[in-house]
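Visitor: Please see the structure below; I have some questions.
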Amino acid sequence: MILYGNGSTAIGCEHYVNDLQSAAPLDVFILEYPGYEDRPGSPSQASLFSAADEAFQALSINHPIYLVGESLGSGVASYLAGTYSNKIAGIVLISPFNCLTDVAQNHYPELPVHAILVDRFPSEEYLRYYHGKVGVMVDGRDTVVPEKFGLRLYHGYAGPKKLWEFPGGGHCEIMEPASKFWKEVVEFWQTDQRSHRE
């Protein structure tokens, strides 16, 4: 299941479908958020989480379920992982954050962001309830979600995990052949957990 970032749409995530299916024979579902494209509603933490719940419950439980969260979508993926912890086999988070308020405070240091921001997307809190495999990808030149926030999330996670770092990359930029990256992701998801504890 693909959970995209704020500036994207389901159609804009077609490349993830192609890349994932070139790495493994996976069925791919992309969640369109309320208020995006032609889906009615307005986007908020509550509406995105509700839409994610509805979509997740529609998935087949006869096969392993994996989540891909991109930027803002990493917060939605973390929510699903924490909420359905025993039903999700693995996740990968691209340009993620530990908490959206920390990112906002970084961009607006003069404002009391923690006091006024309603939609916090506290990924680190949700992942405390998840014990499966978490992959994290960060980019060294990411000015939207600086890599330090993804690294905080990664280092704070106590379960099996794997980190991909691209020092020269910008926001959500995979700085190697996509086929190689997604093959590594699938291998991480599908191999013995004990070999990936760090």
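Visitor: Every residue in the range 174-186 that is part of a loop (DSSP other than H, G, I, E, B) and at pLDDT 95 or above, please. Full working, then the answer.
Guide: First pass over the range 174-186, keeping only residues part of a loop (DSSP other than H, G, I, E, B): 174-177.
Those that are part of a loop (DSSP other than H, G, I, E, B) and at pLDDT 95 or above: none in the range 174-186.
Visitor: For CYS13, indicate whether it is buried (at least 16 other Cβ atoms within 10 Å of the Cβ) and over 23 Å from LEU127 (Cα atoms).
Guide: yes
Visitor: Still on this structure, please answer the following. Test GLU165 against the criterion of being at pLDDT 95 or above, assigned to a helix (DSSP H, G or I) and of a type in the set (Asp, Glu), and give yes or no. Steps first, answer last, please.
Guide: Numbers: at pLDDT 95 or above: yes; assigned to a helix (DSSP H, G or I): no; of a type in the set (Asp, Glu): yes.
Considered against the rule, which asks whether it is at pLDDT 95 or above, assigned to a helix (DSSP H, G or I) and of a type in the set (Asp, Glu), GLU165 comes out as no.
Visitor: Filter the range 16-28 down to the residues that are surrounded by fewer than 16 Cβ atoms within 10 Å (Cβ to Cβ) and farther than 18 Å from LYS180 by Cα and list them by number.
Guide: Within the range 16-28, just ASP27 meets the criteria.
Visitor: On to the next question. Residue by residue through the range 30-84, note down the ones that are hydroxyl-bearing (Ser, Thr, Tyr), in contact (Cβ under 8 Å) with a residue 40 or more places away in the chain and out of contact with any helix residue (DSSP H, G or I) (no Cβ under 9 Å at 6 or more places or on another chain). First the steps, then the outcome.
Guide: In the first step, residues of the range 30-84 are kept if they are hydroxyl-bearing (Ser, Thr, Tyr); the result is 33, 36, 42, 44, 47, 50, 60, 66, 71, 74, 78-79, 83-84.
From the residues that got through so far, the ones that are in contact (Cβ under 8 Å) with a residue 40 or more places away in the chain too are 44, 66, 71, 74, 78-79, 83.
SER44, SER71 - these are the residues of the range 30-84 that are hydroxyl-bearing (Ser, Thr, Tyr), in contact (Cβ under 8 Å) with a residue 40 or more places away in the chain and out of contact with any helix residue (DSSP H, G or I) (no Cβ under 9 Å at 6 or more places or on another chain).
Visitor: Determine which single condition ALA55 fails, assuming it passes every other condition in (1) crowded, with 24+ Cβ neighbours inside 10 Å; (2) over 15 Å from GLU124 (Cβ atoms).
Guide: In the conditions (1) crowded, with 24+ Cβ neighbours inside 10 Å; (2) over 15 Å from GLU124 (Cβ atoms), ALA55 misses (1) alone.
Visitor: Next up: For residues in the range 154-184 being within 16 Å of SER74 (Cα to Cα) and touching a Leu at 6+ places or on another chain (Cβ under 7 Å), which is surrounded by the most Cβ atoms within 10 Å (Cβ to Cβ)?
Guide: Per the criteria, the residue is TYR154.
Visitor: Here's a follow-up. Please determine whether any residue of the range 90-108 is of a type in the set (A, V, I, L, M), farther than 19 Å from CYS13 by Cβ, surrounded by fewer than 17 Cβ atoms within 10 Å (Cβ to Cβ) and touching a residue at least 24 places away in the same chain (Cβ under 8 Å).
Guide: no
Visitor: Ok, one more. Report the residue count in the range 74-93 for those that are of a type in the set (Gly, Ala, Ser) and over 22 Å from PHE181 (Cα atoms).
Guide: Number satisfying all stated conditions: 2.
The values are calculated or read from the model by the stated rules, or taken from the named source; none is laboratory data. Quick caveat, the model's predicted, so the values are computed rather than measured. Counting neighbours? That spans all protein chains shown, and the Cβs are built from the backbone with ideal geometry, glycine included.
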